[in-house]
1. Neighbouring Cβ atoms within 10 Å as the yardstick, rank Met109, Met120 fewest first.
2. Please tell me the relative contact order of region 58-126 in percent, rounded to the nearest whole number, where contacts are Cα pairs under 8 Å and at least six residues apart.
3. Would you count, across region 47-130, every pair of lysines whose alpha carbons are under 16 angstrom apart, provided the pair is eight or more residues apart or spans two chains?
4. Say each of Met92 and Ile6 gets a label point 7 Å from the Cα, pointing the same way as Cα to Cβ; how far apart are those two points in nm?
5. If we count other beta carbons within 10 Å of each Cβ, what is the order of Thr85, Thr127, fewest first?
6. Work out the FRET efficiency for Glu104 and Asn54 from their Cβ-Cβ distance, taking R0 = 25 Å, and round it to the nearest 0.05.
Amino acid sequence: MDLSSIAYQPYLPSRELARVDSARTESKNRSAVARRSAGGGRLSNPSGIKGMINRNDELYKVSQDFEAIFIKQMLNVMRKSVSKTGLMDGGMAEDIFEDMLYDEYAKKMAESGSFGIADMIYRQLNTGVS
């Protein structure tokens, strides 16, 4: 294949980003209109997911604990991917401390609700409980 016959077109990211931004804006506008029409003109549930979450409920606390376990497993895998040098190796005491530290990290991350796993578990399990 002869590449000399292909016309040179420089990459201009500003054009591409403008198209992506306008597509995002259109998508947001369409979803907002759909939510308003479904809710009778007002946004009673902005997330669009049915079911209220009672954060003081025991089921929600258990869902949060499960999310913390999931996050802890994820953090453990991430921690194992980082290689340690022998220069600053703390031995078994450091391993125990890091494990407890990552437990607390996982609990705080689950409490923040940034993953949303506890919310999904609560909604799924709460539909069957009366």
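1. Numbers: Met109 18, Met120 13.
By the 10 Å Cβ count, ascending: Met120, Met109.
2. 61
3. 5
4. Distance between label points: 6.1 nm.
5. Exposure proxy ranking, most exposed first: Thr85, Thr127.
6. Values: r = 25 Å, r/R0 = 1.01.
With a Förster radius of 25 Å, E is 0.50.
Throughout, read-outs are computed from the coordinates displayed, never taken from laboratory work. Worth saying up front: this structure is predicted, and the values here are computed from it rather than measured. Note that each Cβ is placed from the backbone with ideal geometry, even for glycine, and that neighbours are counted across all protein chains shown.
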